[in-house]
Amino acid sequence: MIDGNSILFMQAEEKRSVMVCQNTSCRDRGSREVLEAFQAAELPEDVEAIACDCQGQCNMGPTVRVVPEEIWYCRIDVADIPRIVEEHLKNGQPVEEKLHPRIHLRYYL
């Protein structure tokens, strides 16, 4: 499990980037609007939203990656942006149900 305190510590250490894929399949699924929504949101001072090339997760797009903490979100819609901004970017708690399942593996008993 990702520790919110660890993420908040990282936030204090360096600038974070929200990287929104703008390659073909992600754009076909609305990544331009997702990027614009992140850029229009009230992001913390240490966060910037930027366009990026393919992140290799085309079937799970639009893909959003938050660095340096390496949190990957998949199938993001504009409606998801306020929750990601508030819970993750401002309060250090990634939005569990939007995490990319191949990158953030979970084990269920």
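The values are calculated or read from the model by the stated rules, or taken from the named source; none is laboratory data. Predicted model, so just to flag it, every value in this text is computed and none were measured. No Cβ is skipped: glycine too gets one built from the backbone with ideal geometry, and neighbour counts run over all protein chains shown. Ligands, DNA and RNA are stripped out before the accessible areas are found, and what is left, the full protein with its side chains, is counted by its heavy atoms. Shrake-Rupley method; radii C 1.70, N 1.55, O 1.52, S 1.80 Å.
Odds and ends about this structure:
- Pick from segment 81-109, criterion assigned to a helix (DSSP H, G or I) and free of Cβ contacts under 8 Å to residues at least 12 places away in the same chain, ranking: most open to solvent (accessible area, probe 1.4 Å): Glu97
- Selection within segment 4-23 - modelled with pLDDT of 95 or more and out of contact with any Ser or Thr (no Cβ under 9 Å at 6 or more places or on another chain): Arg16, Ser17, Val18
- Only one of Val67, Val78, Val34 that is open to solvent by less than 20 Å² (accessible area, probe 1.4 Å) and not hydroxyl-bearing (Ser, Thr, Tyr): Val34
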